[in-house]
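Dumping the structure here so I can ask a few things about it.
No lab work stands behind these numbers, since they all come straight from the coordinates. Only a predicted model underlies this, so the values are computations on that prediction, with no experimental measurement involved. We place every Cβ from the backbone using ideal geometry, glycine too, and count neighbours over all the protein chains shown.
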Amino acid sequence: MKSNLSITVLVDNRAGEGLVSEHGFSLWLRLGDRRILFDTGQGQALAFNARELGVSLKEIDIIVLSHGHYDHTGGISGVFRQSQQMEIYCHPGAVLPRYVIRNGVSHCIQMPKESIIAINSIQESKIHWVSSEPVTFVEGMGITGPIPRNSDFEDVGGPFFLDEKGDRPDRIDDDQALWINTGAGLIICLGCCHAGLINTLDYICRFTGISRVRAIIGGLHLLNADERRLERTISSLKSFSPELIVPCHCTGEQATLLLSEVYRNQTLQGYSGMTLNF
C-alpha cells in the first residue's frame, strides 16, 4: 500500500470533547481517494459525530460490517438515506436473530429491522456476502471472512444465543475483521472480536504471510473475560509484538488497564474523535 491512511474513531463508548458517546463502534478510514466505513454504531451518534468531525457520509465508497449486533449496525439506514452508491461487505449471518440472556432475561441484540430493510434495498451487485474466504476489496485492504477458532482459552465473550429461549448457542460465526497491509506491517481493525483476539491475529498473519503488526484498533471483547483468559491473551499477544494497541468499545476497563501496564508505550485508549495517521 503506497497511499497515506488515516483512521478516525466515529463512534465509541468514550467520546472526545463536543462529541457523543454510545455503546457502539464505528471507524472512518481514508485510503487515497477511497472512503471506508467500518461498522455504524447504534445509529444515534454516527451522524452527529461525523458532522462535527467534518466527515461526509455521502462520500462512503464501502461499508464493512464486523458482525450483526445492533451496536455495530444501527446506523446503516441513516447512512443509506444519504447515499446508496456505496458497496457493502458482510457475512450473510449478520442479519440473523440474535439474543443475549442475562439473569434469566432475554434481550434482542440483532441488527435493527430498519438496517435489514436498508440492506435489502441495495442493488444486488453492490452487496458482497463474505461467507468463507478472505476478500480483498481495495489494494492492500480486505475483510477476513469467518475466523477459525483454534485457541483453547478464547470464547465469544458472553451468553449469546440464536433463539429467545437460549436453546441454540450463538458462535457468532459472522464475526470478521478488517485488515490493511501498509507495506510496513498490518493494521487490524476489530468490531467486537468475538472470534478472540489471538485467533484473529493468528489467522490474519497466516493468510497474508505478514508477521509484523503495526496496530490493533477496536473492541477486543474482554469485558467479561476471567483472569485466566486475560493472562493468556496478554501473554499470547507478545508473540505478535504489536507496535500500537487502541482498545475501544467492549474491551473492558480491566483488560485495558492490563494492556496499558504490559504495553505501556504502545497502548492508547480509544475514543470518538481520535484520528490515527499511517
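What is the sum of charges around residue 74, taking Lys and Arg as +1, Asp and Glu as -1, for the other residues whose C-beta is under 15 Å from the C-beta of residue 74?
Numbers: positive: 81, 98, 113; negative: 12, 22, 39, 71, 114.
The answer is -2.
Per residue of the chain, what 222 nm ellipticity follows from adding -39500 (n - 2.57) for every DSSP H run with n ≥ 4, rounded to the nearest 500? Walk me through the numbers before you get to the answer.
On the way: 7 runs with 60 residues, N = 278.
Calculated from helices alone, the mean residue ellipticity at 222 nm is -6000 deg cm²/dmol.
Restricting attention to the range 84-158, which GluC sites (Glu not before Pro) occupy a DSSP loop and are surrounded by at most 16 other Cβ atoms within 10 Å? Write down the numbers at each step before the final one.
Values: sites: 87, 114, 124, 139, 154; in loops: 139, 154.
Qualifying residues, ordered by number: 139.
About the Cα centre of the chain, how large is the charge dipole given +1 on each Lys and Arg Cβ and -1 on each Asp and Glu Cβ? Please answer in debye to the nearest 20.
My answer is approximately 420 debye.
Is the chain rounded, prolate or oblate when judged by the Cα gyration tensor, a ≥ b ≥ c being the square roots of its eigenvalues, rounded requiring a/c under 1.5 and prolate requiring a/b larger than b/c?
It comes out rounded by the Cα gyration axes.
If the chain between residue 265 and residue 226 were fully stretched, how many nm would it gain, using 0.36 nm times the residue separation less the Cα-Cα distance?
11.6 nm
Then there's this: In the range 225-278, which trypsin sites (Lys or Arg not before Pro) are in a loop and have at most 11 other Cβ atoms within 10 Å, using DSSP for the loop call?
Details: sites: 228, 229, 232, 238, 264; in loops: 264.
Passing sites in the range 225-278 are 264.
First select every other residue whose beta carbon is under 12 angstrom from the beta carbon of residue 276; then total the charges, Lys and Arg +1, Asp and Glu -1. Show your work: numbers first, answer last.
Working: positive: 30, 214; negative: 243.
Cβ neighbours under 12 Å give a net charge of +1.
Further, regarding this structure: Count the net charge of all other residues whose Cβ sits under 9 Å from the Cβ of residue 184, scoring Lys and Arg as +1 and Asp and Glu as -1.
On the way: positive: 212, 214; negative: none.
So the surrounding residues net to +2.
Also, quick follow-up: Mind giving me the nanometre distance, one decimal, between the label points for residue 81 and residue 17, set 7 Å out from Cα along Cα→Cβ?
3.1 nm
Quick one: which of 254-262, 219-227 comes out on top by average Cβ neighbours within 10 Å, and what's the full order, highest first? Don't jump to the answer; show the numbers that get you there.
Working: 254-262: 16.8, 219-227: 20.0.
Ranked from most to least packed, the peptides come out as 219-227, 254-262.
Nearest-5 percent of antiparallel DSSP beta bridges in the range 109-254?
Values: 12 of 21 bridges.
Just about 55 percent of them are antiparallel.
What would the Debye equation give as log₁₀ I(q)/I(0) for the range 145-278 at q = 0.12, 0.14 Å⁻¹, counting only Cα atoms as equal point scatterers?
Taken in order of the listed q values, log10 I(q)/I(0) reads -0.44, -0.60.
I would also like to ask the following. Does the range 96-173 classify as rounded, prolate or oblate by the C-alpha gyration tensor (a ≥ b ≥ c root eigenvalues; a/c under 1.5 gives rounded; else a/b over b/c gives prolate, otherwise oblate)?
On the way: a/c = 3.18, a/b = 1.33, b/c = 2.39.
Judged from the Cα gyration tensor, the range 96-173 comes out oblate (a/c at least 1.5, b/c at or above a/b).
Could you tell me the center-to-center distance, by alpha carbons, between the range 174-191 and the range 200-240 in angstrom?
If you average the Cα positions of each part, the centres end up 12 Å apart.
Also, I was wondering about something else. Return the FRET efficiency for the residue pair residue 124, residue 56: r is the Cβ-Cβ distance, R0 is 30 Å, and the value is rounded to the nearest 0.05. Mind showing how you got there, number by number?
On the way: r = 26 Å, r/R0 = 0.87.
The value I calculate is 0.70.
With r as the distance between the Cβ atoms of residue 44 and residue 101 and R0 = 25 Å, compute the FRET efficiency 1/(1 + (r/R0)^6) and round to 0.05. Present the calculation step by step, with values, prior to reporting the outcome.
Working: r = 25 Å, r/R0 = 1.00.
FRET efficiency, residue 101 to residue 44: 0.50.
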